[in-house]
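Chemist: Okay, here's the structure, questions in a sec.
The values are calculated or read from the model by the stated rules, or taken from the named source; none is laboratory data. Note that the structure is a prediction, hence the values are computed from the model and not measured. Quick reminder, even Gly has a Cβ in these numbers, built from the backbone with ideal geometry, and neighbours come from all protein chains shown. For accessibility, only protein heavy atoms count, side chains too; no ligands or nucleic acids. Shrake-Rupley method; radii C 1.70, N 1.55, O 1.52, S 1.80 Å.
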Amino acid sequence: MAADTATAPLLTSHKAGKPAGNKKNKAPSIDDTIETYMGATGAAQLLKAVLLAFAWAFDAQQVFISVFTDAEPGWHCTGAEGASCAASPCALPAGAWAWDRPASASVVSEWSLKCAGGPALVSLPASSFFAGCLAGGFLLTTLADSLLGRRRMLLASIVSMSVAGVLTAFSPNVWVYAALRFVSGFGRSMVGTCTLVLSTELVGKRWRDTVCVAGFFCFTIGFLSLPALAYAFQEASWRNMYLWTSLPALCYSILFYFLVQESPRWLLVRGRKQDAIETLRQIAALNGNSAITSSFSMLHACVMHQEEDAAAASDSSSSSSSVFAALHSMWERPWALRRLAAIMTASFGIGMVYYGMPLNVGNLGGSNLYLSVTYNALAELPSSILSWLLMGRINRRSSVIALTALAGVSSLACLVIPGQGLRMGAELLSFFATCTAFNVVMMYSIELFPTSVRNSAVGMVRQALVLGGVAAPVLVALGRQRSFLSFGVFGLVIGCFGMFAACLPETRGKGMSDTMEEEEQKEAAVVDADADAASDMDDSNGDLV
C-alpha cells in the first residue's frame with residue numbers, strides 16, 4: 001500500500017496536467033449536440049438534402065454546356081467556283097464550302113471564330129467562364145462562412161448564374177458572349193461548394209457520405225442532360241441550350257428558398273443561438289423527434305463554449321471580424337496552410353483533366369460528339385456509385401494518389417494506343433478515375449478543416465479545380481494540331497500533382513472539428529502520440545542493447 005501511495009503522484013502527474021490545460025474539451029461539441037437534438041435523420045429531411053443536392057445538376061449544365069455550344073461543326077466543299085478542297089475552310093473562298101449543319105448551331109460557325117482568331121478566340125468563352133469561377137471563388141468563398149451563410153450564398157449563386165445564362169442566349173457577338181460567360185462563372189463559383197457543405201451539415205453523421213455522393217450523382221444527371229438537349233437542338237440555334245438550362249434553374253431557386261434551412265452548425269459557430277434552436281426544431285419535427293427539443297441546455301453550453309473561442313480569436317487579431325477572417329485564421333496556422341496547399345495542388349491536376357477531358361473528346365478523331373460526351377457523362381455514374389460504396393471504407397490519402405496515377409497513365413496511353421475504340425476506352429478510364437478522385441477530394445477537404453473555416457477551405461479547393469479548368473480549353477484547342485499538348489499534358493499534370501496528397505493526414509473514421517482550436521488539439525494529440533511511440537521504440541531498442 002505504501003508503495004502504491006508513493007508512486008501514485010508520479011503516475012498521475014504526467015496525465016493530470018493535460019486535462020487541466022484542455023478544460024474546454026469537457027464542453028459538448030457541436031457535432032454531438034446537433035446529433036442529439038436532430039435525432040436520426042428521417043425520410044423527409046433526407047429528401048430535403050437530396051433536393052438541395054440537385055443544385056449540382058444545374059451547375060454541371062453550365063460547366064459543360066460549351067462542349068456543344070462552342071463546338072467546331074463539320075464542313076464540306078460545295079465544288080463551286082472550281083476551288084479545290086483544302087484542309088481548312090479558311091483557305092477557301094466564300095461559296096466554295098458550307099457547314100454540315102446550320103451556322104447558328106454553334107458560336108464558332110455563327111461568328112466565324114475559327115478563321116477570325118484561331119484557337120485563342122475559339123477557347124475564349126470557355127476560358128472566360130472558368131476565369132469567372134476562379135474570381136468568384138476567391139472573392140465570395142468567405143461570405144458563406146461569415147456574413148451570408150451557406151443558404152443565402154447558395155441562393156444568390158444559383159440566381160445570378162441562371163440570370164446570366166438567360167442573358168447569354170441573346171449575345172450579339174463573341175465579346176459579349178465571353179463577358180456573360182465570365183459573369184455566369186462568377187455566380188456559379190459557390191454553387192457546388194455551398195451545396196456540398198450545407199447538405200452534409202443538415203443531416204446526421206450516418207448520412208453525410210450519402211448526401212455528399214447524391215450531389216455527385218445529381219451532377220452526373222445534369223451532365224447527361226446536355227447530349228440529349230444538344231441532339232434535340234442540333235438543327236436549331238445554340239441559344240436554345242442556354243434558355244432550356246437557365247430557366248429551370250430559376251424555378252428551382254424559388255423552391256429552394258421556401259424549403260431549405262440554414263445550417264444549424266454554422267448558426268451555432270456564429271453565435272446565433274435562437275436561429276439555431278428554431279432550425280433544429282424544424283429538423284427534429286421532420287425527423288419525428290419534436291418531443292426531445294423541450295430543453296436546449298446542452299446547446300446553450302455548446303454555444304457558450306464557441307463564443308469564448310470566438311472572443312479569444314477576436315482579441316488575438318483585429319482582422320477576425322472581417323469577411324476574410326476564415327482565410328486569415330488559416331494563414332496564421334502552418335498546419336492549416338500545409339493542408340490547404342497540398343490538397344489544392346492535387347486538385348489543380350484533377351480539375352485540368354476533369355473539365356478538360358470532355359472538351360477533348362473531339363480530338364480523338366472520327367468519333368460522334370453526342371455519343372462521346374454521353375459516354376463521359378455515363379462514366380460519372382459508376383464513379384458516384386463506387387464513391388458511395390467505398391467512402392466509409394477507403395483511406396482518402398492513398399485513394400487520391402492511386403486514382404490520379406491511374407488517370408495520368410490512361411491519359412498518356414491515348415497518345416500511343418492505336419485504334420479508335422481502344423483510345424476511347426483509355427480516355428474513358430482516365431475520366432472515370434478522375435471523377436472518382438474528384439469525389440474523394442471533395443469529401444476529403446470537408447473532413448480536413450473545421451466548421452469555422454470549412455466553406456472557405458472547400459471553396460479554395462474548388463478554385464484549384466477550376467484553375468485547372470481555365471487552362472484546359474487552351475490545351476484542348478492546341479491539341480487539335482498536336483495531341484501531346486492535350487492528352488500528354490493532362491496525364492503528366494494529374495499524375496505528378498496527385499502525389500502531393502501524401503503530405504495530408506488521413507481522416508477516414510475521424511470526427512469533424514468545429515473550431516481551429518479543436519483541430520489544433522487533435523493535431524497536437526497526433527504529434528504527441530507519434531512522439532510517445534518513437535520514445536517507446538527507443539526505449540525498447542535501449543533495453544535490447
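Chemist: Just to be sure before I move on: is LEU167 farther than 26 Å from SER329 by Cα, without any contact (Cβ under 8 Å) to a residue 24 or more places away in the chain, surrounded by fewer than 24 Cβ atoms within 10 Å (Cβ to Cβ) and in contact with a helix residue (DSSP H, G or I) (Cβ under 6 Å, 6 or more places away or on another chain) in the structure I sent?
Modeler: Criteria met by LEU167.
Chemist: Scan the range 225-249 residue by residue and report those that are touching a residue at least 24 places away in the same chain (Cβ under 8 Å), part of a helix (DSSP H, G or I) and among the small types (Gly, Ala, Ser).
Modeler: SER225, ALA230, SER246, ALA249
Chemist: Here are the criteria: (1) outside any loop (DSSP other than H, G, I, E, B); (2) modelled with pLDDT under 80; (3) farther than 18 Å from THR515 by Cα. Tell me which single one SER295 does not satisfy.
Modeler: Looking at each condition in turn, SER295 falls short on (1).
Chemist: From (1) open to solvent by 50 Å² or more (accessible area, probe 1.4 Å); (2) over 19 Å from the mean Cα position of the chain (by Cα), pick out the condition that doesn't hold for PHE497.
Modeler: (2)
Chemist: Check the range 521-530 and report whether any residue there is at pLDDT 75 or above and open to solvent by less than 30 Å² (accessible area, probe 1.4 Å).
Modeler: No, the conditions are met nowhere in the range 521-530.
Chemist: Can you name the residue in the range 339-362 that is among the small types (Gly, Ala, Ser) and farther than 22 Å from MET516 by Cβ and, of all such residues, is surrounded by the fewest Cβ atoms within 10 Å (Cβ to Cβ)?
Modeler: The first filter runs over the range 339-362 and keeps only residues among the small types (Gly, Ala, Ser), leaving 341-342, 346-347, 349, 351, 356, 362.
Now drop any that are not farther than 22 Å from MET516 by Cβ, which leaves 346, 349, 351, 356, 362.
On the way: ALA346: 30, GLY349: 28, GLY351: 31, GLY356: 28, GLY362: 17.
Here the residue is GLY362.
Chemist: Of all residues in the range 256-273, count the ones that are outside any loop (DSSP other than H, G, I, E, B) and under 19 Å from THR451 (Cα atoms). Let's see the steps before the verdict.
Modeler: Step one: list which residues in the range 256-273 are outside any loop (DSSP other than H, G, I, E, B), which gives 256-259, 264-269, 273.
Pick out the ones that are also under 19 Å from THR451 (Cα atoms) and you get 264-269, 273.
Qualifying residue count, the range 256-273: 7.
Chemist: Something else now. Please list, ordered by first then second residue, the pairs with beta carbon atoms under 8 Å, 6 or more apart or interchain, first in the range 252-276 and over 22 Å from VAL191 (Cα atoms), second part of a helix (DSSP H, G or I) and open to solvent by 20 Å² or more (accessible area, probe 1.4 Å).
Modeler: GLY271/GLU307; GLY271/ALA310; LYS273/HIS300
Chemist: Among the residues of the range 244-266, which ones are surrounded by 23 or more Cβ atoms within 10 Å (Cβ to Cβ) and at pLDDT below 90? Let's see the steps before the verdict.
Modeler: In the first step, residues of the range 244-266 are kept if they are surrounded by 23 or more Cβ atoms within 10 Å (Cβ to Cβ); the result is 245-246, 249, 263-266.
SER263, PRO264, ARG265, TRP266 - these are the residues of the range 244-266 that are surrounded by 23 or more Cβ atoms within 10 Å (Cβ to Cβ) and at pLDDT below 90.
Chemist: If you don't mind, another one. Answer yes if at least one residue in the range 422-430 is in contact with a Leu (Cβ under 8 Å, 6 or more places away or on another chain), without any contact (Cβ under 8 Å) to a residue 40 or more places away in the chain and not hydroxyl-bearing (Ser, Thr, Tyr), and no otherwise.
Modeler: There is at least one residue in the range 422-430 that is in contact with a Leu (Cβ under 8 Å, 6 or more places away or on another chain), without any contact (Cβ under 8 Å) to a residue 40 or more places away in the chain and not hydroxyl-bearing (Ser, Thr, Tyr).
Chemist: How many of the residues in the range 451-473 are of a type in the set (Gly, Ala, Ser), closer than 12 Å to ALA131 by Cβ and open to solvent by 10 Å² or more (accessible area, probe 1.4 Å)?
Modeler: Total satisfying the criteria: 1.
Chemist: In addition: Can ALA477 be described as within 19 Å of the chain's Cα centre (by Cα) and assigned by the TED database to the domain that holds LEU403?
Modeler: Values: within 19 Å of the chain's Cα centre (by Cα): no; assigned by the TED database to the domain that holds LEU403: yes.
Against the criterion (within 19 Å of the chain's Cα centre (by Cα) and assigned by the TED database to the domain that holds LEU403), ALA477 does not qualify.
Let's see how each residue does on (1) under 30 Å from LEU147 (Cβ atoms); (2) buried (at least 20 other Cβ atoms within 10 Å of the Cβ); (3) charged (D, E, K, R):
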{"position": "SER184", "(1), (2), (3)": "yes, yes, no"}
{"position": "VAL197", "(1), (2), (3)": "yes, yes, no"}
{"position": "VAL211", "(1), (2), (3)": "yes, yes, no"}
{"position": "ALA232", "(1), (2), (3)": "no, no, no"}
{"position": "SER237", "(1), (2), (3)": "no, no, no"}
{"position": "TYR242", "(1), (2), (3)": "no, yes, no"}
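Chemist: Considering only the range 119-134, state which residues are closer than 13 Å to ARG462 by Cα and either free of Cβ contacts under 8 Å to residues at least 24 places away in the same chain or open to solvent by 30 Å² or more (accessible area, probe 1.4 Å) (or both).
Modeler: Of everything in the range 119-134, those that are closer than 13 Å to ARG462 by Cα and either free of Cβ contacts under 8 Å to residues at least 24 places away in the same chain or open to solvent by 30 Å² or more (accessible area, probe 1.4 Å) (or both) turn out to be ALA131, LEU134.
Chemist: For the range 378-425, give me the residue count where each residue is surrounded by fewer than 22 Cβ atoms within 10 Å (Cβ to Cβ) and either of a type in the set (A, V, I, L, M, F, W, C) or part of a loop (DSSP other than H, G, I, E, B) (or both).
Modeler: Total satisfying the criteria: 26.
Chemist: Also: Taking the range 484-493 as the region of interest, how many residues are in a helix (DSSP H, G or I) and open to solvent by less than 40 Å² (accessible area, probe 1.4 Å)? Working first, answer last.
Modeler: First, pick out the residues of the range 484-493 that are in a helix (DSSP H, G or I): 484-485, 487-493.
Pick out the ones that are also open to solvent by less than 40 Å² (accessible area, probe 1.4 Å) and you get 487-491, 493.
So the count comes out to 6.
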